[in-house]
Amino acid sequence: MKSDSSVWHPNTQMSEWTTFPKIISAKGMWLYDSKGGKMLDGVASMWCNVWGHSKSELVSEIIKQTKIIQHTPLFNLTHPSAEKLSKKLLKLNPKMKSVFFSDNGSTAMEIAIKIALQYWHNVGENKKTNVATLENGYHGDTFGAMSVGYVPEFFSKFRSKLFSTIQFPVPRTISSGTPKKTSSKEYEEYCLSKIEDKLEKDNSIAAFVMESGAQMAGGVIIYPKNFQKKISQICRKNDVLFVLDEIATGFGRLGSMVEYQSQNSIPDIVSFGKMLTGGYQTFAATLTTKKINDSFLGQFSEFKHLFHGHTYTGNPTAAALSLKNIELYEKYHLIEKIQKTSTVFENRVNDISNLDMVGEIRHKGMVMGIELVQNKNSNKPLSSKTSINKLVFDEGRKHKIYFRTLGNIIMLVPPLAISQKDLNFLIDGTISTIKSISRKLR
Ligand SMILES: Cc1ncc(COP(=O)(O)O)c(C=O)c1O
C-alpha cells in the first residue's frame, strides 16, 4: 500500500494508509468527514478537548481576542490576558508563585526540567545535576522530555543523544509489571524503598519528575493511593525537587481540577497543557513555588535568570481562551459533572471485560484503558500484521467512533463534558468494535 498524502502524519507508518479520513467540521462530540460520515471523538482529539467542538463561548472568545491583539511577545512586554491567566492559575494552585507560558506539553516539561536544573546552579549546589524518574513515564517527544520519559519502544533510536536519568519501577497490576508471587502492596513498597534508598544515598539528584496521578501514555497505570504522596515526602526529606507533569491528567481528566491536590503531594514545579485552552489552541504553562522563583532573582551580571523563551510564549489569544475555559469550568461545575459521568465507566466495566479479547481494564475519572489480548486463556497481548491502531481505527469507524490506540491498549478519553448518553454510545461502539475485530481475526 502507498499513501498519497503530502502531510507526514504523527507516529504513523505512512505506508499503512492509502488515504486519511478528511475532517471538514466538528460540533459537540462529533467529527464530520468529507464523505458525509461522522465519528464520535473518543480520544478528545488527543486527550485535550474539554467541551466538545465548536463551543460557542470559546469560539467567540477567540474571535474577540483576535480582533484586539493576535500576538505580542512577553519579551520586554506584557498583556492583560497573560496577566489575568497567571493570576487565575495561581488561584487554582495557591502554593505556587509564578507561571511560565509555552506552546505545548513537551516544551512545558523541557522548561520544568531546565528550571529544576538551573535552580540548583542558582543556589550554588553545582553537584545536583541528575534527574530521577519512573519507568514507563512519558513527558513528550523533544529531547529533554524523551530523556526523562524514556520509553524504549519509542525512543531507542535516539538513545545515544539523550541524557541519562535514574529510573525507578512503578507499581502496576499487569502481569508483566509485577514479579511473580509478589502482591501489589509488596511491590509498591519495593518501588518506594528503591526510591528512598537511592535518594538518601545519592546527593547528585536535582529533581524527581513524574506524571501526576497516573501514567497515561504508559497505558493508564493508575498509582496506588498515597504512592505519589510518599514520593513527594521522600523528595522533601532528601532535598530533591519534586516535579509533576499534569499535562494529561490535570484539569479534570482524572476527576480533579488539580490532581496533585487530591494526591496530597505539593510539587516544586508543575506543568499543565492539553486541556488548558479547552483543546482549541496549543498552549501550556509551567508553575513554580516562591522558593524556586526567588532563586532566579539577582543582579543581571549573576546570570541567574531563566535561559528560555519561545516566539509564541504567552500568546494573547491562547491566554484569553484559557482564561475563558477556566471560567466555564466554574460556570458549568464541570468537575462535579465529570465525577457523575465517570460512574458510567464504573457501571460498564463488566460489559467490556466479558469479551474474550479483553485483558485488564484500568480507569479513573474520564479515562479508560482497555488491553486487547489474543484471548482470556493466554492473556498474551493482541498482535497483528498491521498496527493494532489501524485495525481498531478502521473497525471503530464503522461503528462511528474515532479511536487512537496505544499499542494494544484502546484508550477511551472522551471530551470531559460528554453526556452520560454519549459516553454509553462510546462504550457500546467500543464493544461492537472489539467484537468485529475478534470476528475479523478469527
Ligand atoms: C503526560 C504528558 N506529558 C507531556 C506530553 C506532551 O505534550 P504535547 O504532545 O503537547 O507536546 C504528553 C502528551 O501526550 C503527556 O501525556
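When you scan region 375-384, do you find a residue that is crowded, with 17+ Cβ neighbours inside 10 Å, over 19 Å from the mean Cα position of the chain (by Cα) and assigned to a loop (DSSP other than H, G, I, E, B), even just one?
Checked region 375-384: at least one residue is crowded, with 17+ Cβ neighbours inside 10 Å, over 19 Å from the mean Cα position of the chain (by Cα) and assigned to a loop (DSSP other than H, G, I, E, B).
Might you let me know whether region 38-55 holds any residue that is closer than 24 Å to Ser384 by Cα, more than 16 Å from the ligand (Cβ to nearest atom) and surrounded by fewer than 19 Cβ atoms within 10 Å (Cβ to Cβ)?
Checked against the condition, which is being closer than 24 Å to Ser384 by Cα, more than 16 Å from the ligand (Cβ to nearest atom) and surrounded by fewer than 19 Cβ atoms within 10 Å (Cβ to Cβ), region 38-55 yields no hits at all.
List the pairs whose first member sits in region 226-255 and is within 17 Å of Gly137 (Cβ to Cβ), whose second member is modelled with pLDDT under 95 and among the hydroxyl-bearing types (Ser, Thr, Tyr), and whose Cβ atoms are under 8 Å apart, counting only residues at least 6 apart or on separate chains?
none
Of all residues in region 84-113 being within 20 Å of the chain's Cα centre (by Cα) and hydroxyl-bearing (Ser, Thr, Tyr), which is farthest from the ligand (Cβ to nearest atom)?
Taking the candidates together, the pick is Ser102.
If a residue has to be within 16 Å of the chain's Cα centre (by Cα), within 12 Å of Gln263 (Cα to Cα) and not hydrophobic (A, V, I, L, M, F, W, C) to count, how many in region 212-227 make the cut?
The total comes to 3.
Run Thr282 past the list (1) under 16 Å from Val59 (Cα atoms); (2) surrounded by 24 or more Cβ atoms within 10 Å (Cβ to Cβ) and report the number of the one that doesn't hold.
(2)
Which one of these does His363 not meet: (1) farther than 16 Å from Gly42 by Cβ; (2) under 21 Å from the mean Cα position of the chain (by Cα)?
(1)
If you take the residues in region 12-24 that are of a type in the set (S, T, N, Q) and without any contact (Cβ under 8 Å) to a residue 24 or more places away in the chain, which one is nearest to the ligand (Cβ to nearest atom)?
Thr12
Pick from Ser56, Ser60: which is among the small types (Gly, Ala, Ser), more than 26 Å from the chain's Cα centre (by Cα) and over 21 Å from Val392 (Cβ atoms)?
Being among the small types (Gly, Ala, Ser), more than 26 Å from the chain's Cα centre (by Cα) and over 21 Å from Val392 (Cβ atoms) holds for just one of Ser56, Ser60, which is Ser60.
I'm trying to understand the selection: among the residues of region 279-295, which are of a type in the set (Gly, Ala, Ser) and either in contact with an Asp or Glu (Cβ under 7 Å, 6 or more places away or on another chain) or within 20 Å of Tyr260 (Cα to Cα) (or both)?
The answer is Ala284, Ala285.
Is it the case that some residue within region 158-175 is touching a residue at least 12 places away in the same chain (Cβ under 8 Å) and within 13 Å of the ligand (Cβ to nearest atom)?
Taking every residue of region 158-175 in turn, none turns out to be touching a residue at least 12 places away in the same chain (Cβ under 8 Å) and within 13 Å of the ligand (Cβ to nearest atom).
I'm checking my understanding of the structure. Among residues of region 404-414 that are more than 14 Å from the chain's Cα centre (by Cα) and assigned to a loop (DSSP other than H, G, I, E, B), which one is farthest from Ile247 (Cα to Cα)?
Asn408
So, Glu61, is that one at pLDDT 95 or above, among the acidic types (Asp, Glu) and surrounded by fewer than 18 Cβ atoms within 10 Å (Cβ to Cβ) or not?
no
Do you know which residues across region 257-269 are within 14 Å of the ligand (Cβ to nearest atom) and closer than 30 Å to Ser56 by Cα?
Answer for region 257-269, where residues must be within 14 Å of the ligand (Cβ to nearest atom) and closer than 30 Å to Ser56 by Cα: just Glu259.
Which of the residues belonging to region 202-256 are away from the ligand (no atom under 15 Å from the Cβ), on the phi < 0 side of the Ramachandran plot, part of a loop (DSSP other than H, G, I, E, B) and not charged (D, E, K, R)?
Scanning region 202-256 gives Asn203, Ser204, Pro224, Asn238, Val240, Ser256.
Restricting to region 114-130, what's the tally of residues that are within 16 Å of the ligand (Cβ to nearest atom) and surrounded by 24 or more Cβ atoms within 10 Å (Cβ to Cβ)? Full working, then the answer.
Pass one, region 114-130, residues within 16 Å of the ligand (Cβ to nearest atom): 114-116.
With the extra rule that they be surrounded by 24 or more Cβ atoms within 10 Å (Cβ to Cβ), the set shrinks to 115.
Matching residues across region 114-130 total 1.
Find the strands (runs of 3 or more DSSP E) located wholly in region 1-74 whose residues include 3 or more that are under 23 Å from Leu328 (Cβ atoms) and aliphatic (A, V, I, L, M), and list them.
Ranges flagged: none.
Looking at region 296-348, which of the residues that are of a type in the set (Ser, Thr, Tyr) and either at pLDDT below 95 or under 22 Å from the mean Cα position of the chain (by Cα) (or both) is surrounded by the most Cβ atoms within 10 Å (Cβ to Cβ)? If you could, list the steps in order and put the result at the bottom.
First, the residues of region 296-348 that are of a type in the set (Ser, Thr, Tyr): 301, 311-313, 317, 322, 329, 332, 341-343.
Filter again for either at pLDDT below 95 or under 22 Å from the mean Cα position of the chain (by Cα) (or both), leaving 312-313, 322, 329, 341-343.
On the way: Tyr312: 17, Thr313: 19, Ser322: 30, Tyr329: 22, Thr341: 21, Ser342: 22, Thr343: 11.
Here the answer is Ser322.
Would you pick out the residues in region 243-275 that are among the hydrophobic types (A, V, I, L, M, F, W, C), surrounded by 24 or more Cβ atoms within 10 Å (Cβ to Cβ) and farther than 22 Å from His363 by Cα?
Val243, Ile269, Val270
Where the second residue is part of a helix (DSSP H, G or I) and basic (Lys, Arg) and the first is within 21 Å of Lys398 (Cβ to Cβ) and lies in region 408-429, which pairs have Cβ atoms under 6 Å and are six or more apart or on separate chains?
Going by the 6 Å Cβ cut-off, the qualifying pairs are Ile427/Arg348.
The values are calculated or read from the model by the stated rules, or taken from the named source; none is laboratory data. Predicted model only: the values in this text are computed from it and were never measured. Glycine also receives a Cβ, built like all others from the backbone with ideal geometry; neighbour counts cover every protein chain displayed.
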